[in-house]
1. Could you tell me whether Val162 is under 37 Å from the mean Cα position of the chain (by Cα), open to solvent by less than 100 Å² (accessible area, probe 1.4 Å), farther than 30 Å from Val80 by Cβ and at pLDDT 75 or above?
2. Just name the residue that is nearest to the chain's Cα centre (by Cα) out of those in segment 10-58 that are at pLDDT 75 or above and hydroxyl-bearing (Ser, Thr, Tyr).
3. Out of curiosity, is Glu128 within 13 Å of the chain's Cα centre (by Cα) and either at pLDDT 90 or above or surrounded by fewer than 17 Cβ atoms within 10 Å (Cβ to Cβ) (or both)?
4. Out of the residues in segment 111-125 that are hydrophobic (A, V, I, L, M, F, W, C) and assigned to a loop (DSSP other than H, G, I, E, B), state the one that is surrounded by the most Cβ atoms within 10 Å (Cβ to Cβ).
Amino acid sequence: METRAHHILIGAFTIGVFPLALGFVLWMSKAGVDRQFKDYEIVFREAVTGLSVGGLVQYNGIKVGEVAALSLAPDDARKVIARVRLDANAPVREDTRAKLGLLGVTGLAFIQLSGGAPGSPPLLPTREQPIPRIPSEESALSALLASGSDVVTSVNDILLRVNELLSKDNLDHVGNTLANIDALTRTLADQRQDIGQML
């Protein structure tokens, strides 16, 4: 009889805890849904390698949203349109700028927002632009990669010139010049006393 009472007590406890846990999960999911977001577009004029849907969007280093969609611009395939969903409280203003950043050495890219002076008006939708567009800037990584080809070209030119300078003909001339200088100094050393008397 006592064992049966324990089973009934355990069953009643389980049945009572299950609805409470379910209610807690629903309450937490509703809290996430109730949070308000605003959508923005960012047009990048560079490759967005490493950026993906669900990627991080930071404002001065603090997470404020995520990348909702990525697509090529219909009028110019060199441009990438990133639709981002930001927290409604994020201070996105007309002078806010976006650029790509890298998370450590992982190769994953994220969008970094910066700027937004307190006196600047908030970035709002217009009739022509129903989804507000945040201007983008060239990232430091893109500038480095773009200048990387110039650096490689310059190094290549320098190596070609050094190679020309050290050609066999030039090395022979340098060898002959050094031999002549050596002969001249030897002659001067042998004629040292005569030169001294002449002076």
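The values are calculated or read from the model by the stated rules, or taken from the named source; none is laboratory data. Being a predicted model, the structure only gives us computed values, none of them experimental. In this analysis, Cβ positions are derived from the backbone assuming ideal geometry, glycine residues included, and neighbour counts consider all displayed protein chains. These accessible areas exclude ligands, DNA and RNA; they are computed on the full protein's heavy atoms, side chains included. Shrake-Rupley method; radii C 1.70, N 1.55, O 1.52, S 1.80 Å.
1. Values: under 37 Å from the mean Cα position of the chain (by Cα): yes; open to solvent by less than 100 Å² (accessible area, probe 1.4 Å): yes; farther than 30 Å from Val80 by Cβ: yes; at pLDDT 75 or above: yes.
Here the answer is yes, as Val162 does meet what is asked.
2. So, considering only residues that are at pLDDT 75 or above and hydroxyl-bearing (Ser, Thr, Tyr), the one nearest to the chain's Cα centre (by Cα) is Thr49.
3. Here the answer is no, as Glu128 does not meet what is asked.
4. Leu123
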